[in-house]
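One structure is given below, encoded as structure tokens.
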Amino acid sequence: MKNILQRKNLTSLIPLLFLIGIVVLRLFDPDIIQRERLLVFDAYQTLQPRVYKSIPVKIIDIDNKSLEKFGQWPWSRNLVSELITKLANTGTSTIGFDFVFSEPDNSSLHSTLKSWKGILTDAEIAKLKAKLSKIPTNDEGMAQVIGQTQVVLGFSLITEQNTTQPVIKAGISIAGSVPDQTVLSSQGAVKNLNELEKTASGNGSFNITPELDSIIRRLPLLMRLNKTYYPSLVLELLRVAQGASTVIIKTQQVKENQPVVIESIKVGNIIIPTDNTGNLFLYYTPDASERTIPAWKVLENKLTKDELSGQIVIVGTSAAGLKDLRSTPLKPFTPGVEIHANALEQILSENYLYRPDWLTGLELIIMTIVGLLLIVFMTRFGSILGVIIPSTSVILFFACSWYAFYYYHWLIDPVYPAITVLMIYSVISLLNYLKSEDERKYIRGAFSHYLSPELVDKLVKNAEVLKLGGEMRNMTVIFCDVLNFTSISEQLDAGHLTKFMNQFLTPMSQIILNEKGTIDKYIGDCIMAFWNAPIEDKDHAKNGCNAALKMINELSSFNEFQKKLALQEKRPFIEVNIGVGINSGICCVGNMGSDMRFDYSVIGDNVNLSSRLEGQSRFYGINIILSEYTLASMVEKHQERDFAILELDLIRVRGKQQSVRIYTVLGGKEIADSDDFIKLAQTHRDMIGDYYAQNWQVALSLIECCLELDRFCLTKLYGVYKQRIESYMVSPPESNWNGVYIAASKR
């Protein structure tokens with residue numbers, strides 16, 4: 001019953017530890033948790049997107065039709081200059097570009113001088129060059145046009161390192177500590193031509209950084225290159241449109257060792273709330289045709305009067321071939337310029353999404369309180385009544401989160417608290433179920449620990465056996481192990497390896513049970529079994545040897561089946577071989593373990609010897625090794641005549657001080673009475689005798705005779721003796737040598 005009492009304590013302790021672990025995990029906020037939270041916020045935007053309203057922000061779209069009318073991109077600087085001029089003439093407030101002019105315009109006449117060589121004389125080329133020097137290049141002409149209106153150029157900050165440093169037009173003022181560790185940093189830049197940057201009113205980064213799943217949910221309003229802070233294209237458009245000169249970054253550092261975080265960014269009269277790194281949470285609208293004007297309409301003067309008056313316009317592209325399409329919560333493919341336009345609209349309409357720092361703390365507090373209530377309630381009233389709290393909590397989490405988004409645009413995470421409650425509920429329910437099973441099936445559960453049906457019958461008749469301790473008995477113990485199992489397992493995946501072990505263990509286990517044995521345990525690919533307990537077996541040594549021989553014989557059928565299976569699965573076939581160690585002697589057998597869990601098992605020094613003998617089978621190349629004690633047990637009943645037995649060696653296994661004489665069983669009575677075995681056994685005995693007598697030359701010649709008579713695959717055994725004798729012939733053993741071989745390893 002102690003097991004049941006322990007389970008009752010665990011019903012409260014484990015869920016409490018589980019809750020603590022979940023809270024700690026949330027503090028680290030791993031990627032998978034962030035991803036689930038963001039997907040919920042995406043769903044909220046899909047259900048309740050920002051309503052499009054007439055805000056003085058327009059997109060001048062270089063769409064596919066514009067490219068058809070005015071040629072492929074990039075356009076000449078003259079055409080772009082014409083676009084700027086016509087936009088300025090419509091009364092636009094500020095013009096921004098969502099692409100970079102990083103290369104000179106090769107369509108300029110100045111760039112064609114080299115192509116006239118060979119056609120014109122040097123003098124004619126010199127005159128042409130002199131005339132062109134009085135005419136501005138296309139880039140210079142565009143720079144002049146930019147200087148005559150309010151144009152904000154865009155550049156890209158990149159992770160590849162270079163020495164390019166864009167010109168900064170805005171003054172950056174930091175109200176608080178410097179947020180170097182917080183702001184998104186870069187190693188280089190792709191910037192506009194110097195002459196263009198020089199005359200522009202503003203210069204901002206148009207970088208858009210996706211989340212873990214490549215969806216654009218936030219826009220960086222501030223980025224860093226080396227020690228210089230750069231405003232985004234959106235910030236620069238707002239600054240230039242307001243005639244402001246400075247961007248003010250408000251930061252905060254809660255504790256000295258914590259990183260500096262950004263609270264908000266002020267540009268002109270506008271204060272923009274951001275996340276800790278200076279990103280704006282984007283709140284998208286559905287597609288709005290009123291927002292976009294094709295570039296060809298501007299160039300062909302198709303706009304109505306005052307259509308762009310006072311507007312902030314961003315020139316960008318929706319053409320798929322220009323590869324500026326991004327994924328947003330509302331659409332899988334959105335032009336990057338629309339993301340900038342959405343950000344501008346949000347800021348100008350003060351329609352923000354909020355996730356203040358204190359929300360994480362609030363979520364953790366609520367999650368902890370609900371988790372504790374659930375643990376107390378379910379521990380007291382059980383899982384059926386306890387289902388009220390988790391189901392109600394999950395509904396409230398999502399309802400409150402949706403309410404906060406709908407009315408206040410707060411991004412409150414309902415997923416992690418809901419998962420926490422459900423997981424705690426599942427853990428407690430499982431523990432309650434296990435506790436109930438303990439209480440209802442205590443006795444039956446105890447019986448089911450044992451493999452032998454005879455043992456179950458004995459325990460049913462004599463329940464007081466279910467206690468710790470045991471009795472001393474003369475027993476036979478077997479260890480059976482698969483040789484070279486590592487090579488086999490390397491060729492099979494987990495599923496096939498499990499199937500392989502089941503196919504091996506099933507017939508081997510059945511042989512043991514048929515021979516009146518009890519299976520103690522499976523240790524990986526090893527079977528441990530014993531005889532003479534719990535049911536008395538006077539022939540335990542003989543039955544153990546019979547089981548070992550039958551397991552060796554079963555290997556032929558098993559290997560044949562595995563060979564066919566390997567052919568079907570198109571993998572190499574490795575023949576399976578086993579080693580069996582057998583020892584007999586006094587062991588302690590009974591219920592071993594603790595008050596909480598115990599098994600019917602056998603322990604003792606004789607058990608250890610059996611395991612060591614199995615390990616020596618690899619060294620001698622022998623399948624079965626039995627000790628002199630097992631042989632002696634059979635000799636007492638004249639049962640050794642039923643087996644073909646050869647002496648192997650006198651060894652001292654690792655971990656023992658006493659030497660033991662070991663033997664092998666090559667077969668049953670039919671083999672023992674065969675002429676082949678009788679001849680080999682006599683020669684083998686003579687060889688062993690001369691070996692102990694240190695008659696090295698005679699022993700070597702007898703080994704050769706044994707090899708000629710061998711029909712039982714004993715080549716490795718005789719190779720061991722041959723190598724050992726040759727070594728003794730070079731370095732004779734000490735005078736007190738008694739023939740004992742000291743095993744260097746367990747296997």
Calculate, in nm to one decimal, what Tyr354 and Thr246 gain on full extension: separation in residues at 0.36 nm each, minus their alpha carbon distance.
36.4 nm
Linear extension gain, Gln34 paired with Met729, 0.36 nm per residue minus alpha-carbon span
242.7 nm
The answer for the net charge of residues other than Gln568 whose Cβ lies under 14 angstrom from its Cβ, with Lys and Arg +1 and Asp and Glu -1, is +3
Work out the length of the dipole vector of region 57-349 about its Cα centre, built from +1 on the beta-carbon of each Lys and Arg and -1 on the beta-carbon of each Asp and Glu, and round it to the nearest 20 debye.
500 debye
Does region 644-747 come out rounded, prolate or oblate, given a ≥ b ≥ c as the square roots of the eigenvalues of its C-alpha gyration tensor, rounded meaning a/c under 1.5 and, failing that, prolate meaning a/b above b/c?
oblate
With a point put 7 Å past each Cα toward its Cβ, work out how far Gln253 is from Thr163 in nm, to one decimal.
3.3 nm
Among Phe99, Gln491, Val234, pick out the residue whose Cα is farthest towards the positive end of the charge dipole of the chain, where Lys and Arg carry +1 and Asp and Glu carry -1 on C-beta, about the Cα centre.
Val234
Which value in nm describes the separation of the simple spin-label points at Asn559 and Lys669, placed 7 Å from the Cα toward the beta carbon?
2.8 nm
Treating only Lys and Arg (+1) and Asp and Glu (-1) as charged, each at its beta carbon, one finds that region 591-739 has a dipole about its Cα centre, in Debye to the nearest 20, of 420 debye
Less than 20 Å from a label point 7 Å out along the Cα-to-Cβ axis of Asp493: which backbone N atoms in region 562-586 qualify, by residue?
565-574
Which FRET efficiency, nearest 0.05, do Arg618 and Val698 yield, Cβ-Cβ r, R0 30 Å?
0.55
Summing +1 per Lys or Arg and -1 per Asp or Glu among the other residues with Cβ less than 13 Å from Ser245's Cβ gives +2
Apply the Karplus curve 6.51 cos²θ - 1.76 cosθ + 1.60, θ = phi - 60°, to the phi angles in region 67-83 and return the couplings in whole Hz, x for Gly and Pro.
5, 5, 7, 10, x, 5, 7, x, 6, 5, 4, 4, 5, 5, 4, 4, 4
Amide H to amide H under 5 Å from Val247: which residues, 5+ apart in sequence or cross-chain, H placed 1.01 Å off N in plane?
Gly171, Ile172, Ser173
Residues with amide H under 5 Å from that of Phe573, placed H, sequence gap 5 or more
none
Could you size up the charge dipole of the chain around its Cα centre, putting +1 on the beta carbon of Lys and Arg and -1 on that of Asp and Glu, and report it in debye to the nearest 20?
1700 debye
Rank Gln658, Ile424, Leu83 by how far each Cα sits towards the positive end of the charge dipole of the chain (+1 on Lys, Arg Cβ; -1 on Asp, Glu Cβ) and give me just the farthest.
Leu83
Eligible aspartates and glutamates near Lys297 by straight Cα distance, threshold 18 Å, same-chain separation 8 or greater
Asp61, Asp63, Glu68, Glu82, Asp306, Glu307
Which of Val576, Val477, Val635, Val653 has the fewest Cβ neighbours within 10 Å, and the rest in rising order
Val635, Val576, Val653, Val477
Starting from 0.36 nm per residue, how many nanometres of slack lie between Lys305 and Thr506 once their C-alpha separation is accounted for?
63.3 nm
Given Cβ charges of +1 for Lys and Arg and -1 for Asp and Glu, the option among Leu680, Cys706, Leu212 whose Cα lies farthest towards the positive end of the dipole of the chain is Leu212
DSSP-loop GluC sites (Glu not before Pro) across region 251-344, with at most 16 other Cβ within 10 angstrom:
Glu256, Glu300, Glu307
For the chain, what does the alpha-carbon gyration tensor say about shape, rounded, prolate or oblate, given a ≥ b ≥ c as the root eigenvalues, a/c under 1.5 as rounded, and a/b over b/c as prolate?
prolate
Evaluate the distance, in nm, between pseudo-label points positioned 7 Å from the Cα of Leu212 and of Ile535 along their respective Cα→Cβ axes.
5.9 nm
Taking a 29 Å limit on the Cα-Cα distance, which of the listed pairs Lys499/Lys550; Lys86/Lys198; Lys499/Lys521; Lys637/Lys722; Lys65/Lys331 fall beyond it?
Lys637/Lys722
Any idea how far the Cα center of region 486-505 sits from the one of region 682-723, in Å?
38 Å
Total charge of the residues flanking Ile478 in space, meaning their Cβ is under 11 Å from its Cβ, with Lys and Arg +1 and Asp and Glu -1, is -4
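Values in this text are rule-based calculations from the coordinates and carry no lab data. In this text, all values refer to a predicted model and were calculated from it rather than measured experimentally. Heads up, the Cβs are rebuilt from the backbone with ideal geometry, glycines too, and the neighbour counts pull from every protein chain shown.
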